[in-house]
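Visitor: Here's a structure for you.
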Amino acid sequence: MITKMHSISIVEISKRTGVSEETLSNYIERNWISPTIENGHERKFDEEDLARIQLILDLTRDFGVNDESIPIILHLVDQIHFLRNRFRDHLA
Amino acid sequence: MNPYETLGVKPSASQEEIKNAYRSLAKKLHPDLNPGNKSSEKKFKEVNAAYEMIGAAEARAKFDQGETEAQEEARSRHQESRKGPFYHETQGGPGGATGRYSQSFEGMDDDLFSSIFGNQRNPRKADELYQMSVDFKDSILGAEKEITLPNGKRLKVKIPAGIESGTRLRFAGQAQDQSKAAHDLYIEIQVNPSPIFTRDGNHIEIEVPISAVESILGGEIKVPTLEGAVLLKVPPLVSSGQKLRASGLGVRGKGDQLVRLKIVNPDPKTTTLDDVTRNSLKEWNARHPFDPRTEANFK
């Protein structure tokens, strides 16, 4: 079980992933990641966002996936996790 | 660890061959493609560490010369870049909260699951998620609203200027489950569309009709904005589709309002063109011959 870690700033996320703030903003604009907004304007990330960014990096850097395919893959991955959780709940 | 053996390449392999071998193994072993498979995850980490050691020519040269420090460097580089969970580990597990991203499918499974399980759905332990509708104006200019939660608690929601549909605002520890444990509460914003304004990034756009005479002579027109009507100067000889800019009247502090002009003529059923006007227009046209289709390269 992963403990959620909230409120990581964009500066810290950039440092931890090696992705520039500009590229992270681009991910947000494309709806690949959705950080929460705190205090009216601060974009805050959590472990889930961090893992998602790492997955995007693996897909683009290591798997050779192009930008057009990223949202499709993320959508399918999320759908699979949703269905896995649903099945788990129903079987519980 | 021998990185060549881990990646399944010969020590004489080219950098390209090493990269291809790494990619091929990573695609096969990636933990998000094999959720829950600890053996795959272990191998994936080994493959990653091996690639850190010989994936770049400089690091490889150090390894080939037997520099043990370089190996340590590569290992710590790998550990640093791989801090934190894999994505599938954040997407829920037995007794755990569901991931925010996969939760966006909530409600889309009714047909599928009612046909399989006959509507026997168990509640899940998760952070609470509510939806809130916001007027277009408030989404552009920002606002502060107070809402009442199902448990009767009142919550002040600060809506930042420029918020878009789908954005989730988090309120840490504001939700409680049956055991009174604190959870986060999320409010997902849905922006109601405006009948006259549309949004393009930080700018908002509106189509404003003008008469043919205004399009030729120019003049001042009254244009609605989200902050009240403003007078805008239309230069002479404008065309339909041309945009004028009202600076600073888009997303507060970030964007402008763009005014797209549309030339509209009077209704022919109720308006007649008298001979004096007709002849005057013909004379003017003769003095200033202009064919817009030539300009558009139609000929």
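Visitor: Exactly which trypsin sites (Lys or Arg not before Pro) in segment B:157-220 are in a DSSP loop and have at most 12 other Cβ atoms within 10 Å?
Guide: Numbers: sites: B:LYS158, B:ARG168, B:ARG170, B:LYS180, B:ARG199; in loops: B:LYS180.
Those satisfying the criteria are B:LYS180.
Visitor: Let me ask another. Report for the protein assembly as shown the percent antiparallel among DSSP-assigned beta bridges with both residues inside it, nearest 5.
Guide: Within the protein assembly as shown, antiparallel bridges account for around 65 percent of the total.
Visitor: Taking a ≥ b ≥ c as the square roots of the eigenvalues of the Cα gyration tensor of chain A, is the shape rounded (a/c under 1.5), prolate (a/b larger than b/c) or oblate?
Guide: Taking the square roots of the gyration eigenvalues as a ≥ b ≥ c, chain A is oblate.
Visitor: Count charges around B:ASN37 for me, please; just the other residues with Cβ under 15 Å from its Cβ, Lys/Arg as +1, Asp/Glu as -1.
Guide: Taking every other residue near B:ASN37 into account, the sum is +3.
Visitor: Around B:PRO193, what is the net charge, scoring Lys/Arg as +1 and Asp/Glu as -1 over all other residues with Cβ under 15 Å from its Cβ?
Guide: Taking every other residue near B:PRO193 into account, the sum is -4.
Visitor: Find the relative contact order for segment B:1-46 and round it to a whole percent, using C-alpha pairs within less than 8 Å whose residues are 6+ positions apart. Please list the in-between numbers first.
Guide: Working: 27 pairs, mean separation 12.4, N = 46.
Computed value for segment B:1-46: 27 percent relative contact order.
Visitor: Between B:ARG260 and B:MET1, how many nm apart are label points set 7 Å from Cα along the C-beta direction?
Guide: 5.5
Visitor: Sorted by accessible area with a 1.4 angstrom probe, largest first, how do B:SER211, B:SER280 fall?
Guide: B:SER280, B:SER211
Visitor: Hand me the GluC sites (Glu not before Pro) from segment B:1-62 located in a DSSP loop with no more than 16 other Cβ atoms within 10 Å, in residue order please.
Guide: In loop regions of segment B:1-62 (DSSP not H, G, I, E or B), there are no sparsely surrounded GluC sites (Glu not before Pro).
The values are calculated or read from the model by the stated rules, or taken from the named source; none is laboratory data. What you are looking at is a predicted structure, and each value in this text was computed from that prediction instead of being measured. As a convention, Cβ positions derive from the backbone with ideal geometry for all residues, glycine included, and neighbour counts pool all protein chains shown. Areas reflect the complete protein model, heavy atoms only, side chains present, ligands, DNA and RNA absent. Shrake-Rupley method; radii C 1.70, N 1.55, O 1.52, S 1.80 Å.
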